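The values are calculated or read from the model by the stated rules, or taken from the named source; none is laboratory data. This one's a predicted model, so the numbers in the text were calculated from it and none came from an experiment. Glycine also receives a Cβ, built like all others from the backbone with ideal geometry; neighbour counts cover every protein chain displayed.
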């Protein structure tokens, strides 16, 4: 029996360019994980799902013994997949994966059929002891996001490139975290008289608590409690905002004229829920100041995408979710200094993704320096 050849990263580049077309190979870990990212982006554009099947060693201490069944395992996977499917190491040497693409419309039923087919083939080829040491799992993209208290995707198996990027940026993220802590403490001390003054004004001008608390989604879709100075009347109806957000995300919202002039904005104006003091706080962004507490708790950063409300995420297209995966949400960001509510939702998401992929401490500093000017000219 000829042992299946593992394709390295350089050979994988040739495969993508077409010079190795038609050759069935086993991809190494780096190439296979990159292929998952490529398929995920393709699925975001086409809305065509794909299936990732993982076959992994249950006991990691025994994972070094996996090669004794490697030839049989690889042969089974190659013989039970099409030429368009991709086999490779998901996590070497513990887990092997196979990407099934071009699934039928009833892809959930098809995934169970594939599971049964591969499982039966493995049982025929492997000994009982060998088969009992492996676990087979299915992961379908687009994946379902939890609606429980944790929020976010059920797992991050389909996002190995995000994990890799996190490890690669640990030093930079450590620097960003230090800047967040020092910046938040400095600004909270500096602005303490303003904090106290706003708290008193909010309390004496309308009934209700000083702070507005709301569930928001942070990085990886995790829920956290978001703080603002209350700018609305207590216990109001959010249905109008939810309806407008649905139209905004779908691209069907119209610009609304603000103060009867200008090109209009993509947000509710003259919202009857907002108090007179609240309008001033929102126009000057002073209602955002309590979010320094979120930054100190590590739930937010000084700079990053704005954290969405869970019912907003429920309306997201698949590619919109990427803004929640790569960086923590922030108090200010590219969207705020580049026009805020004057740009459509899709453009906002593109700015967030651009920030996530091109982040540097200097970019954060530039955004922080541009934020006061954006507030003054009213584009924030």
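Would you confirm whether or not segment 320-331 contains a residue that is over 17 Å from the mean Cα position of the chain (by Cα) and assigned by TED's automatic domain parsing to the domain that holds residue 216? Before you say what the answer is, go through the steps one by one.
As a first pass, look at segment 320-331 and keep what is over 17 Å from the mean Cα position of the chain (by Cα): 331.
When the remaining residues are screened for being assigned by TED's automatic domain parsing to the domain that holds residue 216, the result is 331.
Yes, because at least one residue in segment 320-331 is over 17 Å from the mean Cα position of the chain (by Cα) and assigned by TED's automatic domain parsing to the domain that holds residue 216.
What about residue 205, is it over 21 Å from residue 348 (Cβ atoms), within 23 Å of the chain's Cα centre (by Cα) and in contact (Cβ under 8 Å) with a residue 12 or more places away in the chain? Break it down into steps so the answer makes sense when it comes.
Numbers: over 21 Å from residue 348 (Cβ atoms): yes; within 23 Å of the chain's Cα centre (by Cα): no; in contact (Cβ under 8 Å) with a residue 12 or more places away in the chain: yes.
In short, no.
Looking across segment 231-241, just one residue is within 28 Å of the chain's Cα centre (by Cα) and part of a loop (DSSP other than H, G, I, E, B), and that is 238. Looking at segment 87-105, is at least one residue modelled with pLDDT under 80 and not in a loop (DSSP other than H, G, I, E, B)? Within segment 87-105, none of the residues are modelled with pLDDT under 80 and not in a loop (DSSP other than H, G, I, E, B). Of the listed requirements (1) at pLDDT 90 or above; (2) on the phi > 0 side of the Ramachandran plot, residue 183 misses just one: (2). Number of residues in segment 182-196 that are surrounded by 14 or more Cβ atoms within 10 Å (Cβ to Cβ) and in a helix (DSSP H, G or I): the value is 5. For first residues located in segment 302-313 and under 15 Å from residue 247 (Cβ atoms), partners that are outside any strand (DSSP E or B) and modelled with pLDDT under 95 and lie 6+ apart or on another chain with Cβ distances below 7 Å form the pairs 311/242; 312/245; 312/249.
Among the residues of segment 68-85, some residue qualifies, meaning at least one is surrounded by 17 or more Cβ atoms within 10 Å (Cβ to Cβ) and modelled with pLDDT of 80 or more.
Please specify each residue of segment 341-369 satisfying the condition of being touching a strand residue (DSSP E or B) at 6+ places or on another chain (Cβ under 8 Å) and modelled with pLDDT under 90. 341, 342, listed by residue number.
Got a sec? Which of 338, 300 is at pLDDT below 90 and either surrounded by 21 or more Cβ atoms within 10 Å (Cβ to Cβ) or more than 15 Å from the chain's Cα centre (by Cα) (or both)?
Values: 300 fails: at pLDDT below 90.
Testing whether each residue is at pLDDT below 90 and either surrounded by 21 or more Cβ atoms within 10 Å (Cβ to Cβ) or more than 15 Å from the chain's Cα centre (by Cα) (or both) leaves just 338.
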